[in-house]
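Worksheet: one structure, shown below.
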Amino acid sequence: MNNNEKHKILIINSGSSSVKYALFQMPGQNMLAKGAIDRIGQSTSRFKYDSKVKVFDREVHTKTYQDNLSLIVQTITDKGIGIISHIKEIDIVGHRVVHGGSDFNGPAIINEAVIDSIKKLIPLAPLHNPPDLEGIKAAGKILPDTRQIACFDTTFHRTIPQTAFMYGLPYELYEKYNIRKFGFHGISHRFVAEKATQLLNRDGDRNIITCHLGNGCSITAIKGGRSVDTSMGFTPMEGLLMGTRPGDFDPAIIFYLEAKGYNQNQLNDICNKKSGLIGISGVSSDIRDLLKAVREGNKRAELAIEIFCYRIKKYIGAYTAVLGKLDAIVFTGGIGENCPQIRAKACDGLSQLDIEIDPDKNNLNENKESYISNLKSKVKILVIPTNEELAIAKDCFELIKER
């Protein structure tokens, strides 16, 4: 491939209730358009579109992933508000796929074998791999002649040592069923760690803890640019408290509830959809709703937030010990970037680890790259907006350049 050759890469990040998208021209990382379709599955969805030609946020009535992708492609090729003239200008469709298991060491050109591997892992990521597959299927119908590439959240964590990824279960379960920690949000953790290293004006030898906080949450310990431990495990259920998932809990609770009459489907539903913030608060899985409920005096919402921040603090302490020396903490994701109250509460009481937030800097942060630690804090605390779509576009471009 000629290094000066231009490629337009459409990134699709399919979730259970939203589809994020971005169109890049590579090389040069020139973002031509971006946006999202939110609240999928509800009576109406919100379609956000942002380009140099037009910006809007409007109500739509899409029902399927094919409807959503059709709307995105129609908009970016529209004669009035589009940014390209024809779908044939799209050279690659890149997809974020949450669980790649042990099958993938990096991005993969999508074929039937890749699709089969993603399907095989649905039981380990039931909220994520199905919509990822729906996005791939929709793109195959709407852009049948365009190459598709899958980028996996799990590949960044392939550097975690065996002492950290093994569970204390019989070794034959690892050998027979590959039961081990895989880790997730790897695309985001890698992106913000690289940004933090640049901001700290050092090569990739820094020790960094990255906190990706959204509806799904995970924390990663990164040494010299390599993941050495992460809070999510065999599935995205382990670790921190999340919007609808419990994070760490005693697995014997499952056996106890089974003895009480709960079946496998009910237990799976409890763990994936009815726990976490919504399970404790009884109000919502959205941190914004819970903060509002706290201001109105709701004690269960307050408890949910306290547990949420306690788990973050506990993992920061644990990963500081794992790394030995800590240079920086990064907050990212929808909550990490936009909730100063959560950042402050998660770092409160960590001065003995030389981690101290500056309240004014923290409260003034406006969803942009910034330092929020005070002058006494030896550990730098940063807010860095993640950009999974750009990271995927770069990976896709590098893959086709190699080929």
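The values are calculated or read from the model by the stated rules, or taken from the named source; none is laboratory data. Predicted model only: the values in this text are computed from it and were never measured. So basically every Cβ, Gly included, is an ideal-geometry build from the backbone, and we count neighbours across all protein chains shown.
Considering every residue within the stretch 329-339, establish whether at least one is in contact with a helix residue (DSSP H, G or I) (Cβ under 9 Å, 6 or more places away or on another chain), acidic (Asp, Glu) and within 20 Å of Ser231 (Cβ to Cβ). Checked the stretch 329-339: no residue is in contact with a helix residue (DSSP H, G or I) (Cβ under 9 Å, 6 or more places away or on another chain), acidic (Asp, Glu) and within 20 Å of Ser231 (Cβ to Cβ). Restricted to the stretch 292-369, the set of helices (runs of 4 or more DSSP H) holding at least 1 residues that are free of Cβ contacts under 8 Å to residues at least 40 places away in the same chain and farther than 30 Å from Gly282 by Cβ comprises 299-323, 359-364. Can you confirm whether Leu382 is in a helix (DSSP H, G or I) and not polar (S, T, N, Q)? Spelling it out, it is not the case that Leu382 is in a helix (DSSP H, G or I) and not polar (S, T, N, Q). A single entry from Val379, Val383 fulfils the requirement of being touching a Phe, Trp or Tyr at 6+ places or on another chain (Cβ under 6 Å), buried (at least 17 other Cβ atoms within 10 Å of the Cβ) and among the aliphatic types (A, V, I, L, M): Val383.
Anything in the stretch 223-234 that is over 24 Å from Ile342 (Cβ atoms) and assigned to a loop (DSSP other than H, G, I, E, B)? List them, or say none.
Gly224, Gly225, Phe234
Let's see how each residue does on (1) surrounded by 14 or more Cβ atoms within 10 Å (Cβ to Cβ); (2) in contact with an Asp or Glu (Cβ under 9 Å, 6 or more places away or on another chain):
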residue	(1), (2)
Glu5	no, no
Ser18	yes, yes
Ala36	yes, no
Ser51	yes, no
Leu71	yes, no
Thr77	yes, yes
Val98	yes, yes
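Residues in the stretch 22-60 that are under 20 Å from the mean Cα position of the chain (by Cα) and either among the acidic types (Asp, Glu) or within 19 Å of His185 (Cβ to Cβ) (or both): 3 in all.
Out of all the residues in the stretch 7-39, which are at pLDDT below 90 and touching a helix residue (DSSP H, G or I) at 6+ places or on another chain (Cβ under 7 Å)? Walk me through it before giving the result.
Residues of the stretch 7-39 at pLDDT below 90: 14-18, 28, 38-39.
Residues satisfying the conditions are Ser14, Gly15, Ser16.
If the condition is being surrounded by 13 or more Cβ atoms within 10 Å (Cβ to Cβ), over 22 Å from Arg343 (Cβ atoms) and over 22 Å from the mean Cα position of the chain (by Cα), then the stretch 235-290 contributes Ile253, Ile254, Leu257, Glu258, Tyr262, Gln266, Leu267. Note on the stretch 109-135: among residues that are out of contact with any Lys or Arg (no Cβ under 7 Å at 6 or more places or on another chain), hydrophobic (A, V, I, L, M, F, W, C) and in contact (Cβ under 8 Å) with a residue 60 or more places away in the chain, the one that is surrounded by the most Cβ atoms within 10 Å (Cβ to Cβ) is Ala125. Against the test of being within 22 Å of Ile118 (Cα to Cα), of a type outside the set (D, E, K, R) and out of contact with any helix residue (DSSP H, G or I) (no Cβ under 6 Å at 6 or more places or on another chain), the options Ser102, Ser85 yield a single qualifying residue, Ser102.
Would a scan of the stretch 11-24 turn up a residue that is hydroxyl-bearing (Ser, Thr, Tyr), part of a strand (DSSP E or B) and in contact (Cβ under 8 Å) with a residue 24 or more places away in the chain? The answer is yes, given that some residue of the stretch 11-24 is hydroxyl-bearing (Ser, Thr, Tyr), part of a strand (DSSP E or B) and in contact (Cβ under 8 Å) with a residue 24 or more places away in the chain.
Which one is nearest to Ile400 (Cα to Cα), of the residues in the stretch 79-96 that are of a type in the set (Val, Ile, Thr) and surrounded by fewer than 18 Cβ atoms within 10 Å (Cβ to Cβ)?
First, the residues of the stretch 79-96 that are of a type in the set (Val, Ile, Thr): 81, 83-84, 87, 90, 92-93.
Now narrow it down to the ones that are surrounded by fewer than 18 Cβ atoms within 10 Å (Cβ to Cβ): 81, 87.
Numbers: Ile81: 29, Ile87: 19 Å.
The residue in question is Ile87.
The residues of the stretch 132-179 that are within 19 Å of His99 (Cα to Cα) and of a type in the set (Val, Ile, Thr), listed by number, are Ile136, Ile149, Thr154, Thr155, Thr159, Ile160, Ile179.
Restricting Tyr174, Tyr167 to those that are in a loop (DSSP other than H, G, I, E, B), among the hydroxyl-bearing types (Ser, Thr, Tyr) and not assigned by TED's automatic domain parsing to the domain that holds Gly324 reduces the list to Tyr167.
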